[in-house]
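The values are calculated or read from the model by the stated rules, or taken from the named source; none is laboratory data. Predicted, not measured: the structure shown is a model, and the values here were computed from it. In this analysis, Cβ positions are derived from the backbone assuming ideal geometry, glycine residues included, and neighbour counts consider all displayed protein chains. Protein only, heavy atoms only, side chains kept; ligands, DNA and RNA dropped before computing areas. Shrake-Rupley method; radii C 1.70, N 1.55, O 1.52, S 1.80 Å.
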Amino acid sequence: MIVLLIRIFFLSFIAILIPFRGFCYSAQSAIVMEQGTREILYEANAYEQLGMASTTKIMTAVVALEHANLSDVVTVGNNAAGVEGSSMWLEAGETITVENLLYGLMLNSGNDAAVALAEHVGGTVEQFCAMMNQKAKEIGANQTHFVNPNGLAEKGHYTTAYDLGLITCYALENEQFCEIVKTWERTIPWPGRDYEKRLVNHNKLLQLYEGCDGVKTGFTKSTGRALVSSATRDGMQVVAVTLNAPDDWNDHQAMLSNAFESYQTIRVIPENGYVQEVGVKGGIKETVGIASKKEISFVCERGETADYEIEIDVPKDIDAPVKRGESAGILRVLLHGERVAQGELYFNESVEEDEGKQFFIYIQKLLEIWTMRG
């Protein structure tokens, strides 16, 4: 305790001497990211591999949501019912939907819910963890490894603040995940009882911090306190991660507030947003629209002039037929001459060939070849 107080005092003293946005007083490792762009707004020792405790369940929820239906009915096995630690009070032989297991997983931090989901989706806990590790690689969380779905301390189970931020940013793209993690309280049926089961979220920031919309707490004696939070203000969503942070509630409020006070998100093109027209040769229409596949946005400091430039790299025209959804080119955003965002463009409709025009184009090309030979 004395060592911790000395450390906090020392870091506080340094923070006074060096005004550094988002300074985290107690965490061994921390990061703050803008959700849409994955832009790092602050980091401290964010690439050290550490235990993650129950923040593991963010990935558990992701894999379950992508491989199971919410309405699936799960029969709870002995492995799930007998797991130690935090619980949603499952009993062997009980039947429960995947949806209610996910609420028990993310609100009550149910270790039993994690195992029940793992066995339902993967067949075994081991196979489910293989799916978690594969998903981590797809997301780019290359310094993360899972050996269980609940975060109980175990050799070979680790992440980094950076990786956990990437995983969370990815998870927050799932609407059902967002709905679950922002829920404070939920009641679900309790088989064999004449009253319902009440699930309450462990994430106090949902009530402490304006704009908080998730995501997960964690703690074991060996890893210390882990916390991942998300908040949205003025259209900007920020994700904060701390690992081994004794004062995580205060850390996160300070980190999130500093991010909102210091940065802003500039949205250039919305998802599926129209960009411009491209000419079509030999089609039943003379032009076709192009749009952005995903939202194109960037982060800049508040007060910084957001006079950005747009570069659109697409062909002047294209031969029919045109298929909707095909790649049309790239849009780049430049700020002060540097690229700050980029997005892929696609054709937003199909254009069929016009046989008469195609014949004319064919004749025209023959004449061009004949002229060149002459």
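A few remarks follow.
- Accessible surface ranking for Tyr195, Tyr170, Tyr103, Tyr308, 1.4 angstrom probe, highest first: Tyr195, Tyr308, Tyr170, Tyr103.
- Those lysines that a straight Cα-Cα span of less than 21 Å connects to Lys221, excepting residues fewer than 8 apart in one chain: Lys57, Lys155, Lys204
- Potential lengthening between Gln342 and Glu175 on full extension [0.36 nm per residue; Cα-Cα distance subtracted]: 57.7 nm
- Taking the 1.4 Å solvent-accessible surface of region 180-284 as the whole, the part contributed by carbon and sulfur is 45%.
- Inter-centroid distance (Cα atoms) of region 266-323 relative to region 226-247, Å: 33 Å
- Area projected by the alpha carbon convex hull of region 140-207, averaged over all directions, nm²: 6.8 nm²
- Percentage relative contact order, region 152-219, counting C-alpha pairs under 8 Å, at least six apart: 23 percent
- Within region 178-270, the GluC sites (Glu not before Pro) that combine a DSSP coil assignment with at most 15 other C-beta atoms in a 10 angstrom radius are Glu196, Glu210.
- The helix-only estimate of mean residue ellipticity at 222 nm for the chain, built from DSSP H runs of length n ≥ 4 each weighted as -39500 (n - 2.57), is -10000 deg cm²/dmol after division by the residue total.
- Long hydrophobic helices in the chain: the complete DSSP H runs spanning 18 Å or more by Cα along their own axis with mean Kyte-Doolittle hydropathy of at least 1.6 are 2-17.
- Probe 1.4 Å, accessible area per residue of the chain, Å²: 50 Å²
- In order along region 290-299, the phi-based Karplus estimate (6.51 cos²θ - 1.76 cosθ + 1.60, θ = phi - 60°) of 3J(HN,Hα) comes to 10, 9, 8, 5, 10, 4, 10, 8, 8, 10 Hz; Gly and Pro are listed as x.
- Placing unit charges on each Cβ (+1 for Lys and Arg, -1 for Asp and Glu) gives the chain a dipole about its Cα centre, and among Met88, Asn100, Gln342 the Cα reaching farthest toward its positive end belongs to Met88.
- Length released on extending from Lys281 to Leu334, taking residue separation times 0.36 nm less the Cα-Cα span: 16.0 nm
- One decimal place: the segment Glu84-Asp317 gains 77.5 nm when fully extended, by the rule 0.36 nm per residue minus the C-alpha distance.
- Overall form of region 188-280 per C-alpha gyration tensor (a/c, 1.5; a/b vs b/c): oblate
- Reported to the nearest whole Å, the Cα centre-to-centre distance from region 54-97 to region 144-168 is 18.
- Check: region 270-358 dipole with +1 on Lys, Arg Cβ and -1 on Asp, Glu Cβ, in debye: 120 debye
- Cβ-placed point charges (K, R +1; D, E -1), dipole of region 185-287 about Cα centre in debye, nearest 20: 420 debye
- Student exercise, the chain dipole from Lys, Arg, Asp, Glu Cβ charges, in Debye to nearest 20: 700 debye
- Using all pairs of distinct alpha-carbon atoms, the Kirkwood hydrodynamic radius of the chain works out to 23.4 angstrom.
- In this structure Trp184 has an accessible area near 80 Å², from a 1.4 Å probe over the protein heavy atoms.
- ³J(HN,Hα), Karplus 6.51/-1.76/1.60, whole Hz, each residue of region 146-157, x for Gly, Pro: 10, 10, 8, x, 10, x, 4, 4, 7, 4, x, 10
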